[in-house]
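The values are calculated or read from the model by the stated rules, or taken from the named source; none is laboratory data. Everything numeric here is computed off the predicted structure, so don't read it as measured data. No Cβ is skipped: glycine too gets one built from the backbone with ideal geometry, and neighbour counts run over all protein chains shown. All accessible areas refer to the heavy atoms of the entire protein, side chains included, with ligands and DNA or RNA removed. Shrake-Rupley method; radii C 1.70, N 1.55, O 1.52, S 1.80 Å.
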Amino acid sequence: PQATGPILRTFDNIQNSWKKWILAPFPKYHLRNMVGNLWNNYLKGVDPENYPKAQALQLYRKYKGKGNAGEKVALWELEKFQISPEVADTIIASAEDHGILGSGWYGADIETGIRKQLGQYTLREKLMLEPQIQKGIAVGATIQNNPRLDHFLDRFNKGDDSIAAALSVKATLFDYMDNTAFEREVMKRLFPFYQWSRKNIPFQLRQLYKHPEK
């Protein structure tokens with residue numbers, strides 16, 4: 001461990017830096033991510049009508065208590081969907097408690113690596129680079145959280161409790177905090193996007209068997 005530690009840390013820094021620049025700043029990555037999430041929800045029969053509701057909840061979560069125009073728009077969006085602030089608070093708190101928000105591939109895997117890599121830069125470099133990366137992180141998190149929250153709402157509407165709804169989300173859009181030490185320390189180094197492939201390929205094969213018409 002004493003001999004290999006510095007080598008592995010150097011390798012991780014290089015790999016995280018590479019991931020950062022090929023993912024966060026580029027719209028094409030976020031578009032592919034969105035399409036993949038929409039597709040997985042479709043395979044599981046999630047009602048697409050909940051996507052605007054999920055977006056309204058995300059907006060409310062972001063601007064709640066700010067007292068600005070953003071909060072007014074968020075409250076107007078909730079009213080449009082006949083969701084009270086109290087109900088919105090309950091749904092958001094439940095989603096957060098069960099690890100639905102911020103635990104997708106971008107939030108739990110890629111963003112962690114990006115933030116770790118940013119810690120290696122000087123203050124001057126951070127000031128130059130962070131605005132671009134932070135915008136990418138914000139976009140990625142918003143796109144990632146919307147289908148997860150949509151799926152959570154869909155399962156609620158179909159009679160699931162919060163635990164069952166959360167498990168359904170994690171089975172469809174995956175929980176990227178759920179991995180073994182071997183996967184974290186070996187497989188992710190050998191295959192930079194191992195976690196997504198490890199979870200998504202078996203899911204696609206199962207759905208191909210269950211729903212070949214789709």
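For this structure, a couple of remarks:
- Pair list, Cβ under 6 Å, 6 or more apart: segment 193-212 residue at pLDDT 95 or above, other residue surrounded by 16 or more Cβ atoms within 10 Å (Cβ to Cβ): 207/43
- Selection within segment 1-54 - within 20 Å of residue 199 (Cβ to Cβ), surrounded by 18 or more Cβ atoms within 10 Å (Cβ to Cβ) and modelled with pLDDT of 90 or more: 37, 40, 41, 44, 46
- Considered as a group, the residues in segment 1-60 that are of a type in the set (Gly, Ala, Ser) and either in contact (Cβ under 8 Å) with a residue 24 or more places away in the chain or part of a helix (DSSP H, G or I) (or both) include one that is farthest from residue 173 (Cα to Cα), and that residue is 5.
For every residue, the table says whether it meets (1) at pLDDT below 65; (2) within 20 Å of residue 195 (Cα to Cα); (3) open to solvent by less than 70 Å² (accessible area, probe 1.4 Å); (4) out of contact with any Leu (no Cβ under 9 Å at 6 or more places or on another chain).
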residue: 113; (1), (2), (3), (4): yes, yes, yes, yes
residue: 127; (1), (2), (3), (4): yes, no, no, yes
residue: 149; (1), (2), (3), (4): no, no, yes, no
residue: 162; (1), (2), (3), (4): no, no, yes, yes
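- Selection within segment 164-214: residues that are of a type in the set (Ser, Thr, Tyr) and part of a helix (DSSP H, G or I). The member of this set that is most open to solvent (accessible area, probe 1.4 Å) is 209.
- Residues of segment 55-68 satisfying the condition of being over 23 Å from residue 34 (Cα atoms) and open to solvent by 70 Å² or more (accessible area, probe 1.4 Å): 64, 66
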